[in-house]
Amino acid sequence: MKIHKQCLSVSITVLITFGFFLFSGCGNSKNQNLIVENQVKYNCPMHPDYISDKPGNCPICGMKLVEMEKESSKQDETMPAMSEEKTLEEICIEHKCTMKNCPMMIKTYIKPGERVVCPVCGEVIGTTNGKAVEIISNKNPKESASVETKNKRKLLYYRNPMNPQETSPVAMKDSMGMDYIPVYDEQISPASDGGTTVKISPERQQMIGVQTETVQVRNLTKVILVSGKIAYDPELAITQEEFIQALNAQDNVKDSPLVDIINNAQNLTDASRNKLKLLGMTDSQIENLKKTRKSETNLYLPQPGDNVWAYLSVYEYEIDSVKIGESVTIEAVAYPGEKFSGKVVSVNPVLDSVTRTNQVRVRVINPNNKLKPEMFVNAVINEKLGAKLAIPESAVLDTGLRKIVYLSKPNDILESHEVTLGKKAGNYYEVLNGLKNGDVVVTSGNFLVDSESKLKNPSREK
């Protein structure tokens, strides 16, 4: 009997002990699960798959880990925010709907607590206080349904927000977790000349600073700024003397019975003539020297009252704008503010291979013998282009292969056009092809317009 009582007491003690550990273990399990759920976790912004339970640096890229958001907060963010209570008409006014074909008018009654998403602007409306909102509509359901079908935009594709060249036929996320952006058919369409058009609202155009100007015919004058020096050229003067001596020798032997002597004199004259051409003299100048038989001593030692020569260096891309006989205004470094007048007399036939410039000879009036040989001078050459169709320089986007301008069309449409340009005169380009008088071109903000066009049409090649 005693043994039986002892066994019974031992069994009760064991059961009590087991029950204590069992209940205490369950409680710890619940607490542990609660701790795990509330534990803060960290991940890498560049590598979201790497997760850590404590702060630090990413072992892959070295970036600082950031605290992860809780699942509940993420779900709350994906839910459309409940805006203040508004009527459907107020929403339509916000997205500037004309109300005539507004798809929001299809639903004319919102139940208490119900929410509706505007298909145009995406804003959420609803009855936040349980009050029903009733909209009086003159349209019947069939008419409203047809309007909705008519106004529905056609989805073309989705594009990567960071790289517009990456597109997808379905909605997806990029490697950074960013949603691809939908592109609709109304956002972009081909232009008549093979370019593209993009529709940008007036508010956005104002925000990015779009300004326009009308294409018109203008009287253009190209201004060429060059530098040079007052000539000290004894070599040219000596060559002129050689040419004069050759002419005199040729005259002396013209009646000689010996043909070889006459030919040698002629060859010497021709050689001197060619040397003068290489030094920059024109055929007309050489003929004038042949008549006067007097070399230009002002090339190395100008006398009082003599004109002087200015040798100006004109860059290769501007040499076509310099013509013989054009007026030149010269200012010497030694006499700031004082202007000297001259005319282009000749252009050197050979380009300088080192400086890529061409030498232009200008005869300059030298009052009071102020200009001395080897003085540095600055010169301005004005080329009058006449009346030409012109556009502002700021309207042109030069891609290296093409020159693009954007035309402003009705209904907030901006259309790209490839143009062929001529000479630049001041802040304007001469238009050879691609535009007509009266076109309106974008002169400011066109770079952002071009970026907008690329974003909405990533397949476009520049």
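When the distances between all Cα atoms of segment 225-384 are binned every 10 Å from zero, what whole-number percent does each bin get?
10, 35, 31, 15, 7, 2, 0
In nanometres, what is the gap between the two model label sites at Asp53 and Asn252, each 7 Å from Cα along Cα-to-Cβ?
The answer from the label model is 11.6 nm.
Take Gln245 and Leu351, extend 7 Å from each Cα along the Cα→Cβ direction, and tell me the distance between the two endpoints in nm.
3.6 nm
In terms of the Cα gyration tensor, with a ≥ b ≥ c the square roots of its eigenvalues, is segment 250-323 rounded because a/c is under 1.5, prolate because a/b exceeds b/c, or oblate?
oblate
Tell me, what is the FRET efficiency for Lys384 and Ile413 to the nearest 0.05, using R0 = 45 angstrom and their Cβ-Cβ distance as r? Don't jump to the answer; show the numbers that get you there.
On the way: r = 38 Å, r/R0 = 0.84.
That gives a FRET efficiency of 0.75.
May I ask you to list the residues of segment 348-381 whose amide nitrogen lies under 12 Å from a point 7 Å from Cα along the Cα→beta-carbon direction of Lys339?
Counting backbone N atoms under 12 Å from the label point, the list is 380-381.
Could you check the spin-label model distance between Arg293 and Asn163? Points 7 Å from the Cα along Cα→Cβ, value in nm.
So the two model labels end up 8.3 nm from each other.
Using all Cα-Cα distances in segment 325-462, what percent lands in each 5 angstrom bin from 0 up to the longest?
Taking all Cα pairs of segment 325-462, the binned fractions are 2, 8, 14, 14, 11, 10, 9, 9, 9, 7, 5, 2, 1, 0 percent.
Among the listed pairs Lys229/Lys423; Lys229/Lys403; Lys254/Lys291; Lys384/Lys436; Lys290/Lys384; Lys222/Lys409, which have their C-alpha atoms separated by more than 29 angstrom in this model?
Cα-Cα > 29 Å for Lys229/Lys403; Lys290/Lys384; Lys222/Lys409; rest within.
Using modelled amide H (1.01 Å from N, peptide plane; none on Pro or chain starts), what sits under 5 Å from the amide H of Leu432, excluding residues fewer than 5 places away?
For Leu432, the qualifying residues are Thr420, Leu421, Gly422.
Values quoted throughout were computed directly from the atomic coordinates according to the rules given, and no laboratory measurement underlies them. The model shown is predicted, which means the values in this text are computed figures rather than measured ones. Cβ sites come from the backbone with ideal geometry, for glycine too, and all protein chains shown count toward neighbours.
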